[in-house]
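The values are calculated or read from the model by the stated rules, or taken from the named source; none is laboratory data. On a predicted model such as this, the values are computed, not experimentally measured, just so you know. As a convention, Cβ positions derive from the backbone with ideal geometry for all residues, glycine included, and neighbour counts pool all protein chains shown. Ligands, DNA and RNA are excluded from the accessible area calculation, which covers all protein heavy atoms including side chains. Shrake-Rupley method; radii C 1.70, N 1.55, O 1.52, S 1.80 Å.
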2 protein chains.
Amino acid sequence: MTTTPQTPELACCAPLTREPLAEGEARDLATMFKALADPARLRLLSLIASHEGGEACVCDLTEPVDLSQPTVSHHLKVLTDAGLLTRDKRGRWAYYAVVPQALDTLGDVLRTQHAGSTPAACC
Amino acid sequence: MTTTPQTPELACCAPLTREPLAEGEARDLATMFKALADPARLRLLSLIASHEGGEACVCDLTEPVDLSQPTVSHHLKVLTDAGLLTRDKRGRWAYYAVVPQALDTLGDVLRTQHAGSTPAACC
């Protein structure tokens, strides 16, 4: 069973540098950035995303980040509640995968250069 | 006089979804995401970036966000210390501008889709 993120899907937003954010947009984005504002959670997110098959269970993650299982589970809950991970319970373990749309939305909000704007977008 | 960000320039990182982040990279990124994890700071960042000339002083910002001058100044200091804004004192006021490279670096770390998706040295 895949758990749907409890946070409503981010439909926003124009890039930060294009126009002022509305209050509601800023609140939704801040919730997601707060979930990212922790080194352990960033490492967990990158470990899951680059794991074989694009998903990982707590059992795959405790050793690489050198944290206890309850601590890892807590961090994964924060990321799932923020809509950045999905959680799929299968048998004994829950398997986590990143939500690419959520990461892309946040990335697009931050970037000042956008595909199609100038050829020098990336350098 | 333009204040150089106190945070060392982010030379990192490969996209989160490409490979696991190292501990130091995760720490540096978390510091910047923490600065973004506040709705008022996100709104200030977007107001500055979209302001005429790409810069704004505290005097331009208090009214749109409906916060006191000391509160706005505090948020701007957090963003400047994180390397997301520069501060240029001219006469009575300090003028703030976004650091496009910092926003682009964070955006690229998050995005799962990359222009050309080549392992370009630049993205």
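For A:Cys59 and A:Cys12 in one chain, what is 0.36 nm times their gap in residues minus the Cα-Cα distance, to one decimal in nm?
Using 0.36 nm per residue and subtracting the Cα-Cα distance, I get 13.5 nm.
Roll a 1.4 angstrom probe over the protein heavy atoms and tell me the percent of accessible area of segment A:24-109 that is carbon or sulfur.
Its accessible area is 48 percent carbon and sulfur atoms.
How far is A:Gly54 from itself in the other copies, in nm, if each label sits 7 Å out from Cα along the Cα-Cβ line, shortest first?
So the label point of A:Gly54 gives 3.6 nm to the other copies.
Could you name the lysines in cross-link range of B:Lys89, using Cα to Cα under 16 Å and dropping any fewer than eight places away on the same chain?
The qualifying lysines are B:Lys77.
Shortest first and in nm to one decimal, what separations exist between A:Arg90 and its copies in the other chains, measuring from label points 7 Å along the Cα-to-beta-carbon line?
Relative to the other copies, A:Arg90 has label-point distances of 5.9 nm.
If I ignore ligands, DNA and RNA and count only protein heavy atoms, how much of A:Asp28 is accessible to a 1.4 Å probe, in Å² to the nearest 10?
Taking all protein chains as shown, A:Asp28 has close to 70 Å².
For segment A:24-109, take every pair of Cα atoms, bin their distances at 5 Å starting from 0, and report each bin as a whole percent.
In whole percents, the pair-distance histogram is 3, 15, 27, 27, 16, 8, 4, 1.
Quantify how strongly other chains surround peptide A:44-56 by giving the mean number of their Cβ atoms within 10 Å of each of its Cβ atoms.
On the way: counts 3, 6, 14, 4, 3, 7, 8, 1, 0, 0, 1, 0, 0.
Partner-chain Cβ atoms within 10 Å, mean over residues of A:44-56: 4.
Using a label point 7 angstrom from Cα along Cα-to-C-beta, what distances in nm, from shortest up, separate A:Pro70 from the other copies?
4.0
Quick one: if you stick a label point 7 Å off each Cα along the C-beta vector at B:Asp66 and A:Asp88, how many nm between them?
Distance between the two pseudo-spin positions: 4.4 nm.
Roughly how large is the A-B contact in terms of buried accessible area, totalled over both chains, probe 1.4 Å, nearest 100 Å²?
Looking at A and B, the buried total is near 3100 Å².
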